[in-house]
1. For an R0 of 30 angstrom, estimate the FRET efficiency from the Cβ-Cβ distance between residue 332 and residue 60 and round to the nearest 0.05.
2. Suppose every Lys and Arg Cβ carries +1 and every Asp and Glu Cβ carries -1, with no other charges. What dipole size does region 120-344 come out with about its Cα centre, to the nearest 20 debye?
3. Which one, 191, 116, 338, has the greatest fluctuation when you compute a Gaussian network model over the chain with C-alpha springs under 10 angstrom?
4. Calculate the length of the line joining the C-alpha centroid of region 145-183 to that of region 199-267, in whole Å.
5. Give the peptides 125-136, 68-79, 270-281, 212-223 in descending order of average Cβ contacts within 10 Å, highest first.
6. Mind checking the dipole of region 7-113: about its Cα centre, +1 per Lys or Arg Cβ, -1 per Asp or Glu Cβ, Debye to the nearest 20?
7. Taking only Cα atoms and a 10 Å spring cutoff, compute GNM fluctuations for the chain and point out the largest among 256, 327, 308.
8. Once you place label points 7 Å from the Cα toward the Cβ at residue 173 and residue 158, how far apart are they in nm?
Amino acid sequence: MRAPVSLERKVRFLSRPQSYAGASETVVARETHMSWVFLAGPRVYKLKKPVRFPYLDFSTLDRRADACRAEDRLNRRLAPDVYLGVVPLVEGASGLAIGGAGRVVDWLVVMRRLDDGGFLQSALSAHAVQPSQLDRLAAVLASFYAHASPLSVRGSADALRMSWRKALSRNRRVLQDLRFHLPRGMVARVDGIQTRFLNRRFGVILARARAGRIVDAHGDLRPEHIWLDGRVSIIDRLEFDPALRALDPLDEIAFLQLECTRLGAAWAGERIGRHLRSALHGRHVGGLPLFYRSYRAMLRARLAIMHLCDTRPRTPEKWPRQARAYLRLALFDALKLDRLENAALPAP
């Protein structure tokens, strides 16, 4: 049996301009938590790492092949002219090659390269977003959600309530872990407000679930995945766990609003939300969007700080700072939610 090709060797090969047809002048390699991404001329090649986490498993060649094909297929809906297919990385007599004859050692998702400046994150940071661009984005999202497959909610009302309680508990437990030195009082305050809302208003969440408002959504709707230069394209739809795409669109848009706020552009998220409110049946839901936004901020704080649990965390100084930033946003929305809820309570 031939020895497996190491990830390091694959990355070295894909980082060389001569590895690509047409010999790109330069290759920009970017590492993420789950992938290596190589920007070579007009194309982007994504190599999934052979990793296994509680929420995904890319540890085998077959699993990575399935994930690459799923990513390509799922993203054709919101970025049809960006995703160009899946190609094998092979080892032949002369070494590694992209496509062609040889032993398949991995798989690559191939994409059309998009200019970094056209992404919503870059445009917001540069204060270069036009309201008309946000309106076009809202129209694309409205159409996407209108045609997304509604998902039936499995189990009883008690099961749905318990799943939410577990989600809040996971956030609280990790964020109050003494190893991470995060403000435990802030975590407790946010968690208390979220728990009270869940206890009082669970009926709103349940009613939306029973009305078919849970759909097969994007799953990771962040400004860095939204391209606005020309035709709106939304990339990186989450492929590795369909359950993580099973969302109320109000929840997904709340996440996008959170990320806009984090970039100092709350106005952009609010504009998108206003345009989508009717399309998402978002009227008469009280503080639900604030609950979703505060919950998403706690979740992002948890995911950030858990990077420190990796065997060799990249940029370890980054994650506590990011977690604290999300905690502040979680508290901001939680306090707004608390005021809204208290105002709605009957006078004693």
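1. On the way: r = 43 Å, r/R0 = 1.43.
Computed FRET efficiency for residue 332 and residue 60 comes out at 0.10.
2. Values: 38 positive and 21 negative charges, 156 e Å.
The calculated dipole for region 120-344 is roughly 760 debye.
3. 116
4. Result: 15 Å between the Cα centres.
5. Details: 125-136: 13.8, 68-79: 18.8, 270-281: 17.3, 212-223: 20.9.
Those peptides, ordered most packed to least, come out 212-223, 68-79, 270-281, 125-136.
6. On the way: 19 positive and 11 negative charges, 25 e Å.
That gives region 7-113 a dipole magnitude of about 120 debye.
7. Highest fluctuation of the listed residues: 308.
8. 2.1
Since every read-out is calculated from the coordinates, none of them should be taken as a lab result. Every value quoted in this text rests on a predicted model; they were computed, and no experiment measured them. Methodologically, a virtual Cβ is constructed for each residue, glycine included, from the backbone with ideal geometry; neighbour enumeration extends over all protein chains shown.
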